[in-house]
Amino acid sequence: MNESETIPYPGTETENEPRPETLEEEAGRRLLVTFDRLTRLDLALLRILRTRGHARPLEVMVLRYSHWGEHAALWHAVAALGALLDARRRKTYLRATVVIALTQAANFVAKTLIRRARPLLEDLPPLSPTISGLSTPSAHASTSAAAASALRDALPRLPVYLAAAGMALSRPYIGVHYPSDTAAGIALGLLVARAVRRGHVKLEGR
């Protein structure tokens, strides 16, 4: 053996070599990268919605319309009036009321569990105050999607869908929700409406 050579202590042979990632570490790293990209996309879309189509008269109109979405007031009013005035479709309107209420409850639970803070663009503050500081999912979006799904059998579909879409998009437009909050809310609302519809079909089939 050459006298200049040293014998490494056991376990230190690879001390300076990079340790290969485990499968769990690789999955975690990729998840973080994906989350970062989605967050950047979310903020980019929010900024577009906050800077396009913001003539003051349009802002006022959107703010007033969005106000009717608080506590799903618009949709509860439509369902109540329909149940009162349209005896032939009363069951559909009453079922819509149940769907909307259940969606509100589910949305509250989801927000409490997720606890995502509302967006904050320092140069583009929100145009309206909010009841809570929690963001995901958007209750305006979830109740609008649920109501549109429940009311489509009683009212012309296109106007209902457009009204629901307008209500859902009003929230990122005024800066109080991320676009992904709106997407999550729509998914939640459709899920609740579908579950209630399936449950109703099963009950009628007995």
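Here are the numbers for this structure:
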read-out	value
Ala145 vs. criteria under 24 Å from Ile48 (Cα atoms), surrounded by 22 or more Cβ atoms within 10 Å (Cβ to Cβ), among the aliphatic types (A, V, I, L, M) and under 13 Å from the mean Cα position of the chain (by Cα)	yes
Residue ID - nearest to the chain's Cα centre (by Cα), chosen from residues in the stretch 40-83 that are free of Cβ contacts under 8 Å to residues at least 40 places away in the same chain and crowded, with 17+ Cβ neighbours inside 10 Å	His76
Selection from the stretch 84-108 of residues that are of a type in the set (A, V, I, L, M) and within 13 Å of the chain's Cα centre (by Cα)	Ala106
The listed residue being within 30 Å of Leu43 (Cβ to Cβ), among the acidic types (Asp, Glu) and out of contact with any strand residue (DSSP E or B) (no Cβ under 7 Å at 6 or more places or on another chain), out of Asp153, Asp181, Asp86	Asp181
Test: residue in the stretch 111-121 that is surrounded by 19 or more Cβ atoms within 10 Å (Cβ to Cβ), modelled with pLDDT of 95 or more and of a type in the set (S, T, N, Q)	no
Any hit, the stretch 117-134, residues being out of contact with any helix residue (DSSP H, G or I) (no Cβ under 7 Å at 6 or more places or on another chain), under 20 Å from Arg197 (Cβ atoms) and without any contact (Cβ under 8 Å) to a residue 40 or more places away in the chain	no
Residue in the stretch 178-193 that is of a type in the set (A, V, I, L, M, F, W, C), within 21 Å of Met61 (Cα to Cα), surrounded by 16 or more Cβ atoms within 10 Å (Cβ to Cβ) and in contact (Cβ under 8 Å) with a residue 40 or more places away in the chain present	no
Set Ala141, Ala154, Ala168, Ala147: member being among the small types (Gly, Ala, Ser), part of a loop (DSSP other than H, G, I, E, B) and touching a helix residue (DSSP H, G or I) at 6+ places or on another chain (Cβ under 7 Å)	Ala154
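The values are calculated or read from the model by the stated rules, or taken from the named source; none is laboratory data. These numbers come from a predicted model, not from an experiment. Neighbour counts are summed over all protein chains in view; Cβ atoms, including those assigned to glycine, are modelled from backbone coordinates with ideal geometry.
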